1. Can you pull out every residue in the stretch 388-402 that is part of a helix (DSSP H, G or I) and under 16 Å from Glu355 (Cβ atoms)?
2. Give the residues of the stretch 327-350 that are in contact with a Pro (Cβ under 8 Å, 6 or more places away or on another chain), in a helix (DSSP H, G or I) and either touching a residue at least 40 places away in the same chain (Cβ under 8 Å) or among the hydrophobic types (A, V, I, L, M, F, W, C) (or both), sorted by residue number.
3. Counting just the residues of the stretch 553-605 that are of a type in the set (Val, Ile, Thr) and farther than 29 Å from Glu423 by Cβ, which one comes out modelled with the highest pLDDT?
4. In the stretch 545-571, what count of residues is obtained for those that are within 15 Å of Arg464 (Cβ to Cβ) and crowded, with 16+ Cβ neighbours inside 10 Å?
5. What is the number of the single condition among (1) farther than 16 Å from Gly187 by Cα; (2) among the hydrophobic types (A, V, I, L, M, F, W, C); (3) touching a Gly at 6+ places or on another chain (Cβ under 8 Å) that Trp374 does not meet?
6. Could you please find all residues in the stretch 1-55 being in a loop (DSSP other than H, G, I, E, B), touching a Lys or Arg at 6+ places or on another chain (Cβ under 8 Å) and of a type in the set (S, T, N, Q)?
7. Looking at the stretch 44-59, which of the residues that are under 20 Å from the mean Cα position of the chain (by Cα) and under 17 Å from Ile110 (Cα atoms) is surrounded by the most Cβ atoms within 10 Å (Cβ to Cβ)?
8. So which pairs qualify, if the first residue must be in the stretch 461-479 and acidic (Asp, Glu), the second must be not in a loop (DSSP other than H, G, I, E, B), the Cβ gap must be under 7 Å, and the two must be at least 6 apart or on different chains?
Amino acid sequence: MNGYAGTILRVNLSTGEVRKEPYPAQVAENLLGGRGLGIHILYTEVPQGVDPLSPENKLIASTGPLSGLLVPGAGKMDWTTKAPLTGGYASSSVGGHLTAELKYAGYDAIIFEGAAERPVYLYIDDDTVELRDASDLWGKGSITVEKMLKDRLGEEFQIATIGPAGENLVKYACITHDFGRQAGRGGVGAVMGAKKVKAVAVRGTRAISVADPERFWELSRSMYRACKEAEALEAWQRYGTPMVTSWCDEVGALPTRNFQQGAFEEGKSLYAEVMRQTIVITDKGCFGCPSPCGKYSNAKKHGIFVEGPEYETIALLGSNCALSDIQDVAYANYLADELGVDSISVGNAIAFAIECYEKGLLGPEDTDGLDLRWGDPQAVFALIERIARREGIGDLLAEGVKVAAAKIGGGSEDWAIHVKGMEQSGYETHSATSMLLAYMTCDVGAHHNRAWAITYDLEAGRDRVAPDKVAKVIELQHIRPLFDALGACRLQWVELGIDVTQYAPMLAAITGLERSWEDLLLISERIWNLTRVYWAREIEGFGREWDLPPGRFYKEPATGGPTEGQLTPPESVQKLLDLYYEQRGWDQNGIPTPEKLAALGLSEIVR
Ligand code: SF4
């Protein structure tokens, strides 16, 4: 199979058995790989209704047909599982070098099933695949363990780890790789922890075959040249994702004090220029990346080095908790990485707790005397520790804001900022109907990466509810997640503007299978619909109610910044869903119809 290693590793942690299986060619053809393979295995192999933290759940680490080849940013790996945070579908992508290394070792994917009795790590060195004792690593931080394993096995091993939060089954625990990149969302790290897998260490020395080397090299050179000649490259490489902080602050999209407003009065101190001047020491990129957006920083005030903070972390652990010192945000980022929690969800959980405290729903008796106030870095640091270790109030917050609000009550459900149980990432959506809809309908919960539609809101009228605003969300929901099936980064297209349709001839040169850009979009739509029917299969009563946004955005106007006084009225929210379901060919409860599934060739899988 050109472009693929051709083999999947199936690791049964209950029995210790490791099997090598051929990659299913039909899946490669219909769903490509990465998240396409992930949802296929989740849907067809994991029985309906399993507890996400039980041995019956599976965790699938999957590369794509571009991974490990000289295609810009082809270093992405997808982690799919049934989500502990939401009870539905989880797929979280991570960059770095692991995905290339896994393919060089001869494997496209790893399926973890069952659960080990004692902590283990998976050791892969080409043909040698072993489960090794990890007792001495258990309890230690993600970054610490990555360093320990590199010292033990060799610098060339690529490693993914979980921290104490994964071991403690925090519902939004992440998987860390490359000293600071995360598969962050949905609780993939908690599933790894439940299976008692502390780490994966991989070294590979093989080649990946391509169908038409000459055509491949020509396209590869042309894509890299386009990236290097892009006007936007200089600023992107200098600042990375934090480049967007000032823009969000200016247009009223920077979440502030638990999404009550979209601009932060002290936001300037978090802008990318300040970060670059005060803490950044070097740039850092993933495999094959011509535009390294990672920033490696030294927060001298706290004596730590950290990769980041990325924009999302600045938004959720910075402005959303009203922290105004970039060094404090960098330290909070470091704690989240080392302890192994998703910085987006944990920032939401902390802001939610502060607001509950401010409104008298939590008091010192609930927080072991911790005084929760906006802008207090010590409170933020203490809560990250307590959540990761499930201590005191941290035990409740470790369940996610949806569960915490149900327990705390008092109207806090309206300011628990989540969709489907997943906390919202870094865009304030009182008045941005496309972005709001993108969060409402995202296939993992309130995450931006499937459809970053906020710029379209600004171009096309932020509070309009109209077919074009819905169509833009759907268009992006097909293009952006396609990269997670290909195993490549989307940011060369998003940030540098390289021609996205070039990925079709590139894929054809690699696999030998001619497919147009439209064919690839159809595959992406197929995956999108399969993830939707997975939700419907797993959650009793799943439908329109599950697509509603947090009450804050349709009940309470924004309290400051450019969108002060604005909200999206409930009837507009419903209208957005009406239009969305209609354009998707789903019924008015948001469930794909049998005709739609048949047209996408999914009837065989979804019986
Ligand atoms: Fe990785 Fe950033 Fe490069 Fe994408 S642009 S491959 S995320 S370094």
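1. Ile393, Leu396, Leu397, Val401, Lys402 - these are the residues of the stretch 388-402 that are part of a helix (DSSP H, G or I) and under 16 Å from Glu355 (Cβ atoms).
2. Asp328, Val329, Ala330, Tyr331, Ala332, Leu339, Ser343
3. Taking the candidates together, the pick is Thr593.
4. So the count comes out to 4.
5. With (1) farther than 16 Å from Gly187 by Cα; (2) among the hydrophobic types (A, V, I, L, M, F, W, C); (3) touching a Gly at 6+ places or on another chain (Cβ under 8 Å) applied to Trp374, the lone miss is (3).
6. Hit for the stretch 1-55 is Gln48, nothing else.
7. Filtering first and then ranking leaves Leu59.
8. Close Cβ pairs (under 7 Å, with a partner that is not in a loop (DSSP other than H, G, I, E, B)) amount to Asp463/Thr433; Asp468/Ala460.
The values are calculated or read from the model by the stated rules, or taken from the named source; none is laboratory data. For clarity, every value in this text was computed on a predicted model and none was experimentally measured. Every residue, glycine as well, gets a Cβ built from its backbone with ideal geometry; the counts of neighbours run over all protein chains shown.
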